[in-house]
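Here the structure comes first, spelled out in structure tokens, and everything after it is commentary.
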Amino acid sequence: MKSIYTRQFTMMAAVILLSFTLLGGAFASLSYRYTIREKQETLAQNAENISSMTGEMLAQGMGFRSEYFQIYVASVARASDAYVMLAENDGEIIYCAGSSDAFSDLTGLHIPQSALDHIDLQGSYDDVSALGGLFAEKRYLAARPITVNMAKFSSGSVVVTSTQAGIVLVAASTASLTEMWRAFATIFLFVAVVVFFIAFLASSVTSIRQARPLKEMAEAAKKFGHGEFDTRVDVGGRQDEIAELAEAFNNMADSLAQAEAERSEFIANVSHELKTPMTTIAGFADGILDGTIPPDKQREALQTVSSETRRLSRLVRRMLDLSRLQAAENVTTQERFDITEVLLRVLISLEGKINQKNLDVDTSLPDEPVPVWGDPDSITQVCYNLLDNAIKFAAPGTRLGLGIAVKGGKAWVSVRNTGETIPPDELKLIFDRFHKTDRSRSVDRDGVGLGLYIVKTILDNHKENITVTSEEGVTEFTFTLTQA
């Protein structure tokens, strides 16, 4: 398995190598062309100047042996660091002047016929060669014909005739180009080594910084697999994508820890809720079987057993409903229905319980229907749970309040009762699973602590809100629905 460091360094090294190769090749090609062109242009200009100067001197009657002419040619040779040769039309070299470096006298040798033919056809010769073995190595060459212009008077007019009196050949060494290539190669290698070293250090530092939190997350994930949910990844003050990933990982760890705590609490609560009625049922059943409970008390005992059995049935049914709600990610059924009708229908179904506690009902409902979007069955259960809860904890002879208000595209449904005031610290927990305001769990023996949690779950699935207030004995639940 390749590590992040290996991948990153390999990629960086490949990019650097490719970049240096392309840039170096382009620079070398441009430098080579520029150097050759500049050298050849200089040689060609010198050859043109010497050819013109020689032609003028020959036209004035001077010869190649003129001291003035030789001084001029030697000066040009030294200034251009080149050889200057004068040859006859047949290619025989009759005069040779060189730079300050030592050179072999080429007098008496001949210029190759191919170069002479090129001069005859093109009027010039420019090349990089050893000139048929005249030089030990290749050199820059520029050759030009020596033209002598003679003016004659004929029939009252001036007639100018041009004749080729010889050839000027200027040759320069290619050592400067070789030195340039060596200098370029040295600089290129030095810069490449430095850049590779910097890349190595940068890759090492960045890879270690990237790999460390990833390794910590891998170790934390292994610990999660063993049930250790208190492990977290330290981002170390980073503010990049790795820090975002580590933060998301820590948030996931918090969620897992919370889920595990809720699972443990859920199991404990379920165990408690199941244990109490089962212990009661088992106690009365054993009392009837072993004769501890006299016959005249057995009917009362059986009624208790029946009540606890129904309580167990309600607990199982609520837990199944809760499981079904939590399994659904969103509401699959969205229908248009009248929330006023639903609320009144639930109120009628609970009329018996209302009369048992001698409660008065105050309603504040619109005269017109209030159409909303949602799952009618689920919202019916919300209304039933809230009304049933309000009736259960209302003081006998008090008032039960129902209201629907429409504003901001929402229908605000409220259920209000009068009873004991719920403490603020209890309000924060009122929608939790198995939570009861009576901590001893002895007053509300008919409840299982899941009604309000189911209400909250249904409304969350509908993307709606519910709030609760409790002041001076008046407790009010209010939830929203989107108007249709």
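The values are calculated or read from the model by the stated rules, or taken from the named source; none is laboratory data. Note that the structure is predicted; figures quoted are calculated from it, not measured. Cβ placement follows ideal geometry from the backbone for every residue including glycine, while neighbour counts extend to all protein chains displayed. Keep in mind that these areas ignore ligands, DNA and RNA; they rest on the heavy atoms of the full protein, side chains included. Shrake-Rupley method; radii C 1.70, N 1.55, O 1.52, S 1.80 Å.
Which strands (runs of 3 or more DSSP E) does region 122-205 wholly contain that include 1 or more residues that are at pLDDT below 80 and open to solvent by less than 80 Å² (accessible area, probe 1.4 Å)? Walk me through it before giving the result.
On the way: elements: 125-129, 139-154, 157-173.
Correct list: 139-154, 157-173.
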Residue match in region 39-55 (condition: modelled with pLDDT under 80 and surrounded by fewer than 12 Cβ atoms within 10 Å (Cβ to Cβ)): no
Residues that are farther than 23 Å from LEU400 by Cβ and either modelled with pLDDT under 80 or crowded, with 19+ Cβ neighbours inside 10 Å (or both), drawn from region 416-449: ASP432, ARG433, PHE434, ARG439, SER440, ARG441, SER442
Residue that is polar (S, T, N, Q), at pLDDT 80 or above and more than 43 Å from the chain's Cα centre (by Cα), where the choices are GLN298, GLN334: GLN298
Pairs, first of a type in the set (S, T, N, Q) in region 343-358, second surrounded by 14 or more Cβ atoms within 10 Å (Cβ to Cβ), C-beta under 9 Å, six or more apart: SER349/TYR384; SER349/LEU387; GLN356/ILE391; ASN358/THR398
Criterion violated by LEU30 - all others in (1) at pLDDT below 80; (2) assigned to a helix (DSSP H, G or I); (3) buried (at least 16 other Cβ atoms within 10 Å of the Cβ); (4) not polar (S, T, N, Q) satisfied: (3)
When residues of region 56-110 are limited to those that are within 20 Å of ARG139 (Cβ to Cβ) and of a type in the set (D, E, K, R), the one modelled with the lowest pLDDT: ASP101
Unique residue being under 12 Å from LEU386 (Cβ atoms), modelled with pLDDT of 65 or more, buried (at least 18 other Cβ atoms within 10 Å of the Cβ) and within 53 Å of the chain's Cα centre (by Cα) when the list is LEU452, LEU400: LEU452
Any hit, region 67-77, residues being free of Cβ contacts under 8 Å to residues at least 60 places away in the same chain, acidic (Asp, Glu), open to solvent by 70 Å² or more (accessible area, probe 1.4 Å) and outside any loop (DSSP other than H, G, I, E, B): yes
Set VAL413, VAL406: member being open to solvent by less than 60 Å² (accessible area, probe 1.4 Å) and modelled with pLDDT of 90 or more: VAL413
